[in-house]
Amino acid sequence: MDLRTVPNPLVRAGGRVLRRLNDRHPWSHNDHFHGWILRRLPARRRRALDVGCGKGLLLGRLRGRFDEVMGVDADAAMAAVAAERFAGDPAVTVRRARFEEVDGTFDAVTMVAVLHHLQLEAALRHAAGLLAPGGRLLVVGLARADTLADLAWDLPSSLLNPLVGLIKHPQPVRKPVDDSGSRASSEPVMPVRDPADSFAEISRVAREVLPGARPRRRLFFRYTLEWSRPPA
């Protein structure tokens, strides 16, 4: 929820103040959840796939925890940045490809702020088909906020966001920043899209497609989804 768009003028003004604070003390909500992923990796760690790998930050954290890691990104500029980052590293492969074009078998499939760019049900089914028995799907996603329950999570997230920014990034920045919390540069900007599905819709589809899936609301405008493929 964006407080700047709420009809009440006092709420809108508060939203503008929060936005200015966030811009001066930026931090990446996506990177914040990398620790959640790393704590939930499966026991068998031969191959991992990071979908929508962007600049390769999560790939770098998965590298060393798996024998091989692959990153795919449909955006040519993002794939090029990630490929350059791991040039010459035989344990890391980066491909420019749409998710539905990926085949093979993986022990972990990760998605951070990616699932809302894809067709929900088809993407979950494809992810399940790529996982080896005992493999794990780990999703950090964005959902459309349209209920009181969504508001109950988004409002404290909006208020806490600048506090976390002060802790993570105490020195204020004066230049525009990108989604990684870094000062803007000549590097390409990560593609963004507003989520179309609500958390309730995502949870319903996930439980239908992936029996036993565990979707959870999280602070800071994200949800998590965890599912393990049953052993053979």
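Observations
- Inter-residue pairs, beta-carbon under 7 Å, first among the polar types (S, T, N, Q) and in the range 208-232, second open to solvent by 40 Å² or more (accessible area, probe 1.4 Å) and in a strand (DSSP E or B), 6+ apart: 224/216; 224/218; 228/136
- The range 80-95, subset open to solvent by 10 Å² or more (accessible area, probe 1.4 Å) and within 18 Å of the chain's Cα centre (by Cα), residue nearest to residue 59 (Cα to Cα): 94
- Qualifying residue in the range 104-115 (condition: within 20 Å of the chain's Cα centre (by Cα) and surrounded by fewer than 21 Cβ atoms within 10 Å (Cβ to Cβ)): no
- Some residue of the range 165-183 being surrounded by fewer than 12 Cβ atoms within 10 Å (Cβ to Cβ) and at pLDDT 75 or above: no
- Only one of the numbered conditions (1) crowded, with 16+ Cβ neighbours inside 10 Å; (2) out of contact with any helix residue (DSSP H, G or I) (no Cβ under 7 Å at 6 or more places or on another chain); (3) of a type in the set (Asp, Glu); (4) farther than 25 Å from residue 135 by Cα is not met by residue 226, and that is (4).
- Test: residue in the range 188-196 that is surrounded by 15 or more Cβ atoms within 10 Å (Cβ to Cβ), part of a loop (DSSP other than H, G, I, E, B) and modelled with pLDDT of 80 or more: yes
- Among the candidates 72, 94, residue that is free of Cβ contacts under 8 Å to residues at least 60 places away in the same chain, in a strand (DSSP E or B) and under 17 Å from residue 140 (Cα atoms): 72
- None of 105, 93 is in contact with a Leu (Cβ under 8 Å, 6 or more places away or on another chain) and polar (S, T, N, Q) except 105.
- Residue 131 touching a residue at least 12 places away in the same chain (Cβ under 8 Å), aliphatic (A, V, I, L, M) and touching a Lys or Arg at 6+ places or on another chain (Cβ under 6 Å): yes
- Inspection of the range 28-39 identifies at least one residue that is surrounded by fewer than 15 Cβ atoms within 10 Å (Cβ to Cβ), at pLDDT 95 or above, of a type outside the set (Gly, Ala, Ser) and within 15 Å of the chain's Cα centre (by Cα).
- Just one residue in the set 125, 45 is open to solvent by 30 Å² or more (accessible area, probe 1.4 Å) and in a helix (DSSP H, G or I); that residue is 125.
- Meets criteria (in contact with a Ser or Thr (Cβ under 9 Å, 6 or more places away or on another chain) and modelled with pLDDT of 90 or more) for residue 138: yes
- Scanning the range 63-73 for residues that are touching a helix residue (DSSP H, G or I) at 6+ places or on another chain (Cβ under 8 Å) and of a type in the set (A, V, I, L, M), we see that the one that is surrounded by the fewest Cβ atoms within 10 Å (Cβ to Cβ) is 72.
The values are calculated or read from the model by the stated rules, or taken from the named source; none is laboratory data. Being a predicted model, the structure only gives us computed values, none of them experimental. Cβ coordinates were reconstructed from backbone atoms using ideal geometry, including for glycine residues, and neighbour counts include every protein chain displayed. Note: accessible area is taken over every heavy atom of the protein model, side chains too, but ligands, DNA and RNA are not part of it. Shrake-Rupley method; radii C 1.70, N 1.55, O 1.52, S 1.80 Å.
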